[in-house]
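The values are calculated or read from the model by the stated rules, or taken from the named source; none is laboratory data. These figures come from a predicted structure and were not determined experimentally. No Cβ is skipped: glycine too gets one built from the backbone with ideal geometry, and neighbour counts run over all protein chains shown.
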Amino acid sequence: MAAEVTPVAARPLVRPRRSRRRKASAFVRYAVIVVVCVVALFPVYWMVLTTFQPEQDSITYPPDLLPHGIQFSTLTSLFDGNPIAAWLLHSLTVSAVTVVVTLIFAIPGAYLLSRLRWRGVGPFGFLLLFTQLMPGAMVVVPELQFFRELGWTNNLLAIGVLYAAFNVPLGCWILKSSFDTVPSEVVDAALVDGCGRMRVLYRVLLPLSKPGVVAVAIVAFFGSWNDYLFAAAFLTNQSLYTAGLGISTFISDQTIKLDQLEAAGVVFSLLPVLLYLTVQRHVVRGLTAGAIK
Amino acid sequence: MNAVLDLARGAVARRARKPRTSPFPYALLAPIVVFECLFVIYPIVRGILLSFHETNFGVTKFVGLAQYRQMLHDPIFWSSVQTTFEFTFAMIAVWLSLGLAVALLMNWSFAGRGFVRAILAIPWAVPDIPVVLTFTIMLDPNFGILNRFAAFIPGVHHQIQWLSAPNLAFIAIIIMVGWKGFPFFSLILLSSLQSIPDELYEAAKVDGAGPVRRFRSITLPALYPTLGLLGVLAFIFSFQQFSLIYLSTGGGPGTDTSTLAVTIYNQAFEFFNYNYASAVAVVGLLLAAAGTVLYIVLQRRVARARRLEGVNAAL
């Protein structure tokens with residue numbers, strides 16, 4: 001936009017209208033952003049609020065937006081006489097298994113989709129996509145039957161492996177687009193240097209695709225940590241519950257106080273939210289193959 | 001020196017020769033295929049077989065299409081199908097419009113943009129069960145905060161029974177699921193937005209196009225391919241939705257919010273009709289498969305168009 005050049009002495013003393021309009025529109029922008037953030041995060045705020053204020057305050061009507069009294073005892077007393085700590089450990093175990101197994105299969109899978117030349121890429125891609133997009137409820141019955149026959153119900157490792165099976169396809173796709181962004185000159189140089197194709201994968205592609213690996217790990221973690229359907233179907237032994245499943249049994253329990261319930265929810269959400277926030281830049285880069293500025 | 005040249009020549013020659021597919025890719029492929037077939041394909045096949053059988057007092061016998069015939073005469077099945085489609089189309093609309101609005105916002109340049117982008121993705125990061133819990137509390141007819149806000153809406157007189165009134169339960173679910181899922185769509189749309197060349201906007205501004213006109217003529221058309229793909233993804237995600245619906249309304253009141261997934265779960269784990277549940281599951285599977293095929297077709301078309309245009313994009 002061409003700037004209008006006027007000598008300083010000739011400039012009017014009144015602020016030109018363009019700058020005032022720009023300031024007003026900037027103000028409106030920030031206002032909109034604040035409003036959107038407040039509305040979007042309001043449930044999270046409510047979750048934290050309910051945890052830290054005594055239950056009576058949460059169940060009075062009309063409810064107040066701001067807390068009256070804050071108590072931290074809810075969090076500290078959460079683990080007394082409660083299997084929640086054990087449940088959280090179970091969720092952690094299952095998620096760790098899922099992440100590891102997913103990566104074990106997704107890395108070669110992405111390599112297959114991205115760099116290697118072979119027949120059958122199309123059908124393989126379709127198999128993966130189909131597996132990924134399948135709704136869980138459609139397969140939970142036969143999976144349960146299958147696992148029952150294997151004696152793998154109430155088995156945390158087995159569930160982790162099952163989650164991985166449903167996460168490998170998406171992992172392959174995410175990692176594939178990460179692998180695709182590695183310039184072929186680098187790969188070709190390594191191949192010319194006599195590097196075997198396996199070593200190209202581990203020495204060249206993987207180190208340059210860390211955001212993609214992180215994205216896959218996070219997606220796999222979330223897929224496992226979040227699940228309710230399969231955990232509910234497969235885990236009947238209450239002492240083996242994962243945290244999500246365990247907390248859901250509290251929801252209909254009238255004896256649990258609201259603040260305790262939300263405290264459990266907050267603790268359960270803490271790990272995924274923190275994890276996401278710390279790596280979100282990598283996740284975004286990995287999911288969109290670096291397209292976001 | 002000669003050794004290096006020979007090595008290079010050999011490598012180049014190896015790649016220049018018409019490749020006889022070596023066993024290497026297949027060696028990598030085999031474990032993955034075995035893994036997926038064992039844990040996914042095989043159970044699906046068995047699920048399909050289950051739907052052709054009937055189990056009475058532990059005795060299973062083949063009954064052909066009997067389960068399907070029963071299903072077609074079951075009003076609950078048909079209402080589930082209807083609910084599922086209503087839910088799906090609602091979610092497509094909500095997710096895409098909300099996602100686009102937030103993506104446009106995240107595309108503005110302002111101080112703290114990275115921070116805002118990060119925190120706006122938190123709804124996606126919070127697990128399902130606390131989300132259900134919190135929304136149940138917020139929607140409670142007696143002390144729910146959302147009722148306090150709703151009192152401002154004209155025509156609302158008394159405490160709203162969000163989760164037990166038929167249409168309201170549906171709306172509540174849509175709000176909850178929409179809130180949980182929009183960050184994903186925002187992020188993808190944001191990356192697409194950023195691949196639109198600035199010159200297009202500059203040229204339009206010079207030609208005197210206002211922001212609305214610029215949006216309609218430049219932004220929206222550029223986003224059509226992405227929106228199409230995201231629409232299909234939204235379709236599929238809605239099919240997958242289970243815990244948010246089941247844990248908040250149980251599919252109720254009655255069966256008003258029972259999507260196919262909820263119906264299958266109820267049939268299997270409340271009435272123990274595993275065979276019947278499998279029949280319904282096959283239907284759901286076919287619908288999901290149709291969505292998948294649609295996605296692949298759309299994606300191929302978009303990729304081809306992009307190649308012709310030479311536009312670089314994320315999807």
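What to note about this one:
- Restricting A:Leu144, A:Leu113 to residues that are surrounded by fewer than 22 Cβ atoms within 10 Å (Cβ to Cβ), touching a residue at least 12 places away in the same chain (Cβ under 8 Å) and more than 10 Å from every other protein chain (Cβ to nearest Cβ) narrows the list to A:Leu113.
- Only one of A:Leu201, A:Leu208, A:Leu191 that is hydrophobic (A, V, I, L, M, F, W, C) and touching a residue at least 60 places away in the same chain (Cβ under 8 Å): A:Leu201
- Residue in the stretch A:170-193 that is part of a loop (DSSP other than H, G, I, E, B), among the small types (Gly, Ala, Ser), over 21 Å from the mean Cα position of the chain (by Cα) and within 12 Å of another protein chain (Cβ to nearest Cβ) present: no
- Count of residues meeting criterion [within 11 Å of another protein chain (Cβ to nearest Cβ) and in contact with a Leu (Cβ under 8 Å, 6 or more places away or on another chain)] in the stretch A:240-262: 9
- If you go through the stretch A:155-169 and pick out every residue that is within 11 Å of chain B (Cβ to nearest Cβ) and not in a helix (DSSP H, G or I), you end up with 0.
- Taking first residues from the stretch A:69-82 that are over 18 Å from A:Phe250 (Cα atoms) and partners that are part of a loop (DSSP other than H, G, I, E, B) and not hydroxyl-bearing (Ser, Thr, Tyr), the Cβ contacts under 8 Å between residues at least 6 apart in sequence or on separate chains come to A:Gly69/A:Gln53; A:Gly69/A:Pro54; A:Ile70/A:Gln53; A:Gln71/A:Gln53; A:Gln71/A:Pro54.
- Residue-level analysis places A:Leu201 outside the set of residues that are modelled with pLDDT under 85, within 23 Å of the chain's Cα centre (by Cα) and either surrounded by 24 or more Cβ atoms within 10 Å (Cβ to Cβ) or in a helix (DSSP H, G or I) (or both).
- Residues of the stretch B:113-129 that turn out to be facing another protein chain (nearest Cβ under 7 Å), under 22 Å from the mean Cα position of the chain (by Cα) and within 19 Å of A:Gln280 (Cβ to Cβ), as a count: 9
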